[in-house]
Amino acid sequence: MTVVCNTSPITNLAAIAQLDLLRQLYGEIVIPQAVYNELTVLPNPVPGTSEVQTLPWIRVQQVRNQTQVTEFRRTVDLGEAEALALALEMAAERLLIDDAAGRAIALELGLKITGVLGVLLIAKQRQLIVAVQPLMDNLISQAGFWVSDELYARVLHQSGE
């Protein structure tokens, strides 16, 4: 399964010590160079910085279609633009992305998407985690991940919690 990942799922899952869920669910994830740069070309490391440099199941791949990246850049940042373009180039079976504008573009393009909360729901379904709520609470409190009250309730309902 080819899975392309944007920055947010990596940083947020790494912040709550759950990054390995991506390996358990997808085996390998592919990130574009811009996502790698967003995580590594920083004055101070962030959650996920060392992981993208060392974990063998996170692979960096260059985007060939720079024209498409430029087009996507009108709406989203460089990491998301490259993730969208790479997902199309690779005919990825899934794009891991949280940004609303990026998700909207992905859906228009016919890409299947999953965000951080979706990863937690799938992980619970596959019995990789016991409960979604404590991890979602950690995302909010430790990673600063924003979840509306409506989405919070919907995720809890979907998880059976």
- Message: Need the failing condition index for Ala85 against (1) part of a loop (DSSP other than H, G, I, E, B); (2) closer than 28 Å to Pro45 by Cα; (3) in contact (Cβ under 8 Å) with a residue 24 or more places away in the chain, just the number.
- Response: (1)
- Residue, least open to solvent (accessible area, probe 1.4 Å), within the stretch 27-54, restricted to residues that are under 18 Å from Ala143 (Cα atoms) and assigned to a loop (DSSP other than H, G, I, E, B): Gly48
- Across (1) hydroxyl-bearing (Ser, Thr, Tyr); (2) touching a residue at least 12 places away in the same chain (Cβ under 8 Å); (3) within 14 Å of Asn6 (Cα to Cα), Thr49 clears everything bar (2)
- Flagged in the stretch 123-153 as surrounded by 16 or more Cβ atoms within 10 Å (Cβ to Cβ) and either touching a Lys or Arg at 6+ places or on another chain (Cβ under 6 Å) or farther than 14 Å from Ser8 by Cβ (or both), in numbering order, are Ala123, Lys124, Ile129, Val132, Leu135, Met136, Asn138
- Query: Looking at Ala81, Ala15, which one is surrounded by 16 or more Cβ atoms within 10 Å (Cβ to Cβ) and closer than 18 Å to Leu111 by Cα?
  - Reply: Ala81
- Mind checking whether some residue in the stretch 112-128 is over 17 Å from the mean Cα position of the chain (by Cα) and of a type in the set (Gly, Ala, Ser)? no
- Task: Could you list, in sequence order, all residues of the stretch 103-122 that are open to solvent by 50 Å² or more (accessible area, probe 1.4 Å) and part of a loop (DSSP other than H, G, I, E, B)?
- Result: Leu109, Gly110, Lys112
- Query: Which is among the charged types (D, E, K, R), part of a helix (DSSP H, G or I) and either open to solvent by 60 Å² or more (accessible area, probe 1.4 Å) or modelled with pLDDT of 95 or more (or both), of Arg23, Arg59?
  - Reply: Arg23
- Per the filter on the stretch 34-72, residues more than 12 Å from Ile10 (Cα to Cα) and charged (D, E, K, R) are Arg59, Arg64, Glu71
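The values are calculated or read from the model by the stated rules, or taken from the named source; none is laboratory data. All of these numbers come straight from a predicted model, not from anything done at the bench. As a convention, Cβ positions derive from the backbone with ideal geometry for all residues, glycine included, and neighbour counts pool all protein chains shown. To get the accessible areas, we keep the full protein, side chains included, count just its heavy atoms, and leave off ligands, DNA and RNA. Shrake-Rupley method; radii C 1.70, N 1.55, O 1.52, S 1.80 Å.
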